Structure formats: structure tokens, C-alpha cells
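All remarks here apply to the structure that follows.
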Amino acid sequence: MNPFKLLTARGWTIFLGGLLLAGVSKLLFKQPALLWYGLFLTLLPIISLLISRIPRNSLEFSRRITPQRTSVGSPAVAKMELQMKFPISPALLEFEDKVDPLLGNSARFRSDQIFGKWNRRLAYQLPADNRGVYTVGPFLAHGADPFGLARTKYSIPVTSEVIVTPKIWTLPPISLTGPGTTGEDSPMRLGALGHDDVLVREHRHGDDLRRVHWRSTAKHGELMVRREEQSTDPAATLFLDSRQSSFTDKDRFEWAVSAAASIALHLLEAKYKVRLLDADGLKINSSHSDPTSNSAEVLMAMTLEKLSTRTDIEYALSRSGAVSGAESFIATKTISSTYSPKIIGKYYK
């Protein structure tokens, strides 16, 4: 802090006035009484400065935000506890908990209690209207002495992270039937649902003849083999068109981000392997091994998603690798029909 700002205008006036009075009385008037008055006025701002600086090492502050991860439109609550452990404090203490403007308004409050220890518990709401990762803090304290001669401003380096994810919509259940990354179709299911369900497919070279299902063979007129369980590996490639040229306003882009996040999480929940692309390339390439980690990765990627300056989609597709034709391809924004079929067909094989 600038040392010249440690005293208020009143404090500097009294300090300089005291020095002037002490100097004049000493050199010109030879008056001891005036000298003492001058010294008193000179020391008073210094004493006030010492008083105003006492709380720096006597304040204890803590903050807890619930929840630390929320979605757009779902407010979080910050709960603070502030304790003065010294028996004397400045006449006026003003406090501010700094908050990113995109997350909410900074919380401000004051305390006029000079003598005695005290404890304050306060809470304020964080609207969380904008997607992103934000930092709450530091906690700032402004103090002034009872005479208004000195002031202090210092921060308590306590920060908290708040993550605001895109809004997630609940989507209807989907079936796992269909092709996967292996390119195999789902096997046919025979019979009613129950313990005696039988999954069959056409006989292929090398299949064990003991797995032939004769009833299905007679029905279809060709060898059909029994499959004990469905061996699908469902996969989908999801493309978020994040080009600036594709959106006329922020709300449309936020809708597309929420749609991409909702679809990706829905597919992961349905045991799909998901590849998530935006205009800058591959963002997520999930696996079947850790669904929880995949979901968290998708949420964080979409939380940090920004508009791209790219003008075409070929850059993204070329850096994501060729998309297997056995995968589903989903776009969350209509892609220009003048060139997109040709470009997508180049990589979607």
C-alpha cells in the first residue's frame, strides 16, 4: 500500500500542522507549551495509524461455498466466519469478499465495534448465471481509527474455487442396439424377455458347431449360432460447432454447449464410447473403463468451452482421426449444406 495513503487528509493536516507548530514554537516563540502541543498533534496521527493496523494479525477468516460445483441457474451459497481476537479494533472496519462479476456481486459489510472481541457469521448468494471456473477471494479489510486520521487496507489470502457447469437436460432412455466401434451389428433377440432369451447371429467361418441354434437355423434357412450375451461396443462422435460465425448471440452458443454436454453425458450413461469434437479439434475421447471420470472430463471440457475463430469444420475433423462408419455422428449445430456433406464424408467412413 502507498505509504502516503496510510493517513487520511485530516491525518496529514494534523501531522504537518503539529510539525509546523513545534518548529515555530521552538525556533521563534520559545514557548514550551506550544512545543508540547505541536508534538502531541504530530504523534496523534502516528498513534492512530498504530491502532488502525492492529487487526491485521488479529483477524481470523474462513469461507465455505456450498456447492462448490453447480450448474448455470443453480445458485451457490458462500458462508463466512470472521473473528476479532484482539480486545481493541478500529472504530470502523469495512470488509469485502471479492467475487468475479460473472459469478455474482462482491459481499460487503461493516463493524462499528471498537472494544471487545467479537465473532460474525454471514452468508451471501452466488447467482451462478454464467458458465466457467471462478475464484472467490481474497477477503479485503479496510480499517480506520476512531479519529479518522489513519486508514489501512489489506487482504486475507483465502480463496475458494467455484465451478459453474452448463445446464444439463434429462434426455429419454436410449437403446444400446446398433453398430459400435467394431462395426458389428447387434445380434437378433429371439423369444420373449426373460431367463430363456436367446441371442443369435449368422454362422461365420471358424464358429464352433456346438453353438449352432437349430431352431433358428430351421426358421431362417441358414446356419445360426447362439450368442450368450450381446457383444456390442456402442460408440458415437459428437460435434459441437463452436465457430463464431455459427452463432448470432451468446444465448444460442450456451444452448449448444448445454446440448452437447447433455447428449455426451447421456451417451456415457448408456455405456457408449464418446468422442467429443469442437471447431478446434478433439476435446474428449472416452473409454469404457471409467464412466465417472469420463463424465467429469466432459463436464469440465464443456464448462471451459469457448467460441472458436475457425471458419470451417475440416480442421476439427482432420485432427480427430477418421470416424468409423460404425459410429453414430451427432452435430449440435446445423452445418452449412454447401460443403459439409463432402467434408464430413471425407472423414466419416
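Across the range 245-263, what is the total count of residues that are surrounded by 14 or more Cβ atoms within 10 Å (Cβ to Cβ) and in a helix (DSSP H, G or I)?
Qualifying residue count, the range 245-263: 13.
Looking at this structure, is residue 213 outside the structural domain of residue 331 (by TED's automatic domain parsing), surrounded by fewer than 19 Cβ atoms within 10 Å (Cβ to Cβ), over 30 Å from residue 128 (Cβ atoms) and at pLDDT below 90?
Spelling it out, it is not the case that residue 213 is outside the structural domain of residue 331 (by TED's automatic domain parsing), surrounded by fewer than 19 Cβ atoms within 10 Å (Cβ to Cβ), over 30 Å from residue 128 (Cβ atoms) and at pLDDT below 90.
Filter the range 18-31 for residues that are surrounded by fewer than 14 Cβ atoms within 10 Å (Cβ to Cβ) and either at positive phi or modelled with pLDDT of 90 or more (or both) and give the result.
20, 30
The conditions are (1) touching a strand residue (DSSP E or B) at 6+ places or on another chain (Cβ under 6 Å); (2) among the hydroxyl-bearing types (Ser, Thr, Tyr); (3) in the same structural domain as residue 129 (by TED's automatic domain parsing), and residue 74 fails exactly one of them. Which is it?
Status for residue 74: all satisfied but (1).
Taking residue 49 as meeting all but one of (1) under 20 Å from residue 159 (Cα atoms); (2) touching a residue at least 24 places away in the same chain (Cβ under 8 Å), write down the number of the exception.
(1)
So which residues in the range 260-285 are touching a Pro at 6+ places or on another chain (Cβ under 9 Å) and of a type in the set (Gly, Ala, Ser), if there are any at all?
Within the range 260-285, 260, 261, 262, 270 qualify.
If a residue has to be surrounded by 17 or more Cβ atoms within 10 Å (Cβ to Cβ) and assigned to a strand (DSSP E or B) to count, how many in the range 161-173 make the cut?
Looking only at that region, the number is 4.
Need a quick list: strands (runs of 3 or more DSSP E) entirely within the range 268-348 having at least 2 residues that are modelled with pLDDT of 90 or more, surrounded by 19 or more Cβ atoms within 10 Å (Cβ to Cβ) and out of contact with any Lys or Arg (no Cβ under 8 Å at 6 or more places or on another chain).
Values: elements: 273-278, 281-285, 328-331.
Answer list for the range 268-348: 273-278.
Return the only residue of 34, 41 being crowded, with 17+ Cβ neighbours inside 10 Å, touching a helix residue (DSSP H, G or I) at 6+ places or on another chain (Cβ under 6 Å) and either in contact (Cβ under 8 Å) with a residue 60 or more places away in the chain or in a helix (DSSP H, G or I) (or both).
41
State all residues of the range 83-106 that are among the hydrophobic types (A, V, I, L, M, F, W, C), under 16 Å from residue 155 (Cα atoms) and at pLDDT 95 or above; if no residue qualifies, say none.
Hit for the range 83-106 is 99, nothing else.
For the range 59-71, indicate whether the set of residues that are over 30 Å from residue 167 (Cβ atoms), free of Cβ contacts under 8 Å to residues at least 40 places away in the same chain, part of a helix (DSSP H, G or I) and of a type outside the set (Ser, Thr, Tyr) is non-empty.
No, the range 59-71 contains no residue that is over 30 Å from residue 167 (Cβ atoms), free of Cβ contacts under 8 Å to residues at least 40 places away in the same chain, part of a helix (DSSP H, G or I) and of a type outside the set (Ser, Thr, Tyr).
Inspect the range 174-185 for any residue being in contact with an Asp or Glu (Cβ under 6 Å, 6 or more places away or on another chain), modelled with pLDDT of 70 or more and part of a loop (DSSP other than H, G, I, E, B) and give the result as yes or no.
Looking for residues that are in contact with an Asp or Glu (Cβ under 6 Å, 6 or more places away or on another chain), modelled with pLDDT of 70 or more and part of a loop (DSSP other than H, G, I, E, B), one finds none in the range 174-185, hence no.
Out of the residues in the range 87-124 meeting the condition of being in a strand (DSSP E or B) and polar (S, T, N, Q), tell me which one is surrounded by the most Cβ atoms within 10 Å (Cβ to Cβ).
111
I need a count of the residues in the range 125-151 that are exposed (fewer than 15 other Cβ atoms within 10 Å of the Cβ) and part of a strand (DSSP E or B).
The number of residues fulfilling the criteria is 2.
Just the residues that are under 16 Å from residue 8 (Cα atoms) and charged (D, E, K, R), please, taken from the range 122-158.
145, 151, 153
Just to check your reading of the model, which residue among 100, 112 is within 50 Å of the chain's Cα centre (by Cα), under 15 Å from residue 147 (Cβ atoms) and in the same structural domain as residue 140 (by TED's automatic domain parsing)?
112
The values are calculated or read from the model by the stated rules, or taken from the named source; none is laboratory data. Given the structure is predicted, the values throughout are model-derived calculations rather than measurements. Positions of Cβ are generated from backbone atoms using ideal geometry, with glycine treated the same way; all protein chains shown enter the neighbour counts.
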